[in-house]
Amino acid sequence: MMIIRQPLYIYPGDRLESELDRLRQLFSATGIKSSEPGPPFNNFFLLGPRTARTASQLLKHWGLTLKQSSNSTPIIAWGVWMPCQDNPLPAPLVQVYRPLRQSGDRPLLISEQPLQPGELIIVTEHCDSLVMLSPSEVTQTLPDHLQWFVWHSDLSLKTFRPIYGQPYPRIPQPPIPVSPLKHPGPILRTSPPWLSDFYPEITFSLTPKTPSFQLISLLPSEELAALTLALNNAPWTRQIQEISSHDICNLIPWSQSRTCPAIVRQMVWQLQNPNLKRKVAELTGIPVTGRRELICSRLRPGDRLFPGKNPPSDGKLRVQLHWVLQVPDSPQRPWDLTVRSPNSPETPQIVYAAKPNSALCLLIGKDSSYEIPEIPEDAGDRLSIMMTFESTIDPTHSPISDPNFG
């Protein structure tokens, strides 16, 4: 989801439903529904935000308190639309307030204009301003025909549910040659969990002949559940390429924002700790010099990843860890990740099943690439944290391929 800090003013014309759904895709929301009018305060109605600290601070200056809803469903944005047939004369005023930092966050009115017929106003929960509707002096009440909407992320839904019968945009899926030979890859189990163990003794040397393994487990189950719940509401950004699609969240910038959950900030700090490089080097047998990438990836039904096999210009060695937090539950998808040899189609593929709280450790090179198969329509989302590390040692073969596809 994009971080949008200003109100959006849109004229959807006669395509209101399709525009509402396009906004849902932009926000990476699981749903949109009609809502009751915003809560009234004296002579105005609040549009949004309604849960952010900005709203509470500004209302406090007027001696008002924003009551939090008992509904635990995360809200992404609020909207109000005025049908075109409404008379513009009794239209409510749209007032936008922003905290004035120099005066202790005192509310400053920065915009005041009537709501226009056919206009749709959207306010996200990340908005830095407070948007309110003040009834016209003529009617002293809001028009009956105003329509209110809310975009939300229902964490109880395991699969994406489009509204208005419109499917999620799918990318073309060109056929990829598949070898009939599939061999399950090596699996390592560790206790205590690998991230919690300061000096784990488990090792597996990554080489061109043994380019991957699966490590179970990384985090205690209670911490994993809390982290997964928090990451499901991350500020996702949609990435679509020729034969790949997924949502990503750059964890480091998000961890520095005031809206980031504490458990995510704590985990990012742990993954940035220099001690992690030592543990990765001891685990894989490859001395790594730095972390190149730290992102969270989400695959929804219809998504898949196929990074390809183009070598990077620097020719550096890459080690990648796919820490799988949440897995799609589908019998149609027995294998979660496939490691193949693009230059040797006759070489058996190495396959791994979807296991939560496991890490798929990969050596990325010209002689090995990987694919995450398509998520079936009736399956849940696949959620993972992807870490890429670099090494200064020269590859034993040609330059290593770059797994970064976004």
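The values are calculated or read from the model by the stated rules, or taken from the named source; none is laboratory data. The shown structure was predicted, so the numbers you read here are calculated from the model rather than taken from an experiment. Heads up, the Cβs are rebuilt from the backbone with ideal geometry, glycines too, and the neighbour counts pull from every protein chain shown. Surface accessibility is based on the protein's heavy atoms, side chains included, excluding ligands, DNA and RNA. Shrake-Rupley method; radii C 1.70, N 1.55, O 1.52, S 1.80 Å.
A few notes on this one:
- GluC sites (Glu not before Pro) restricted to DSSP loop in region 193-230 with at most 10 other C-beta within 10 Å: Glu201
- Coarse-grained scattering of region 178-261 at q = 0.13, 0.14, 0.16, 0.26 Å⁻¹, given as base-10 log I(q)/I(0) from a Debye sum over alpha-carbon atoms: -0.75, -0.85, -1.01, -1.13
- On the beta carbon distance between Glu293 and Tyr199, with R0 = 25 Å, the FRET formula returns roughly 0.45.
- Think of a 1.4 Å ball rolled over the protein heavy atoms: region 179-250 then has 51 Å² of accessible area per residue.
- Here region 1-56 yields Rg over Rh of 0.99, to two decimals, using C-alpha coordinates and the Kirkwood radius.
- In sequence order, region 34-43 has phi-based couplings of 5, 9, 6, x, x, x, x, 9, 6, 10 Hz under the Karplus curve 6.51 cos²θ - 1.76 cosθ + 1.60, θ = phi - 60°, and Gly or Pro positions carry x.
- Amide H contacts of Leu100 (H built 1.01 Å from N, in plane; Pro and chain starts excluded): Asp105, Arg106, Leu108 sit under 5 Å, all sequence-distant by 5 or more or on other chains.
- Distant-in-sequence amide contacts of Ala353, defined by a placed amide H-H separation under 5 Å and a gap of 5 or more residues or a different chain, comprise Asp336.
- 3J(HN,Hα) couplings calculated from phi for region 112-120 with the Karplus curve 6.51 cos²θ - 1.76 cosθ + 1.60 (θ = phi - 60°) are, in sequence order, 8, 8, x, 5, 8, x, x, 8, 10 Hz; Gly and Pro show x.
- Label sites at Gln241 and Ala353, each approximated as a point 7 angstrom past Cα along Cα to Cβ, lie 3.0 nm apart.
- Taking 0.692 mPa s as the viscosity and 37 °C as the temperature, the Stokes-Einstein diffusion coefficient of region 322-391 based on its alpha-carbon Kirkwood radius rounds to 251 µm²/s.
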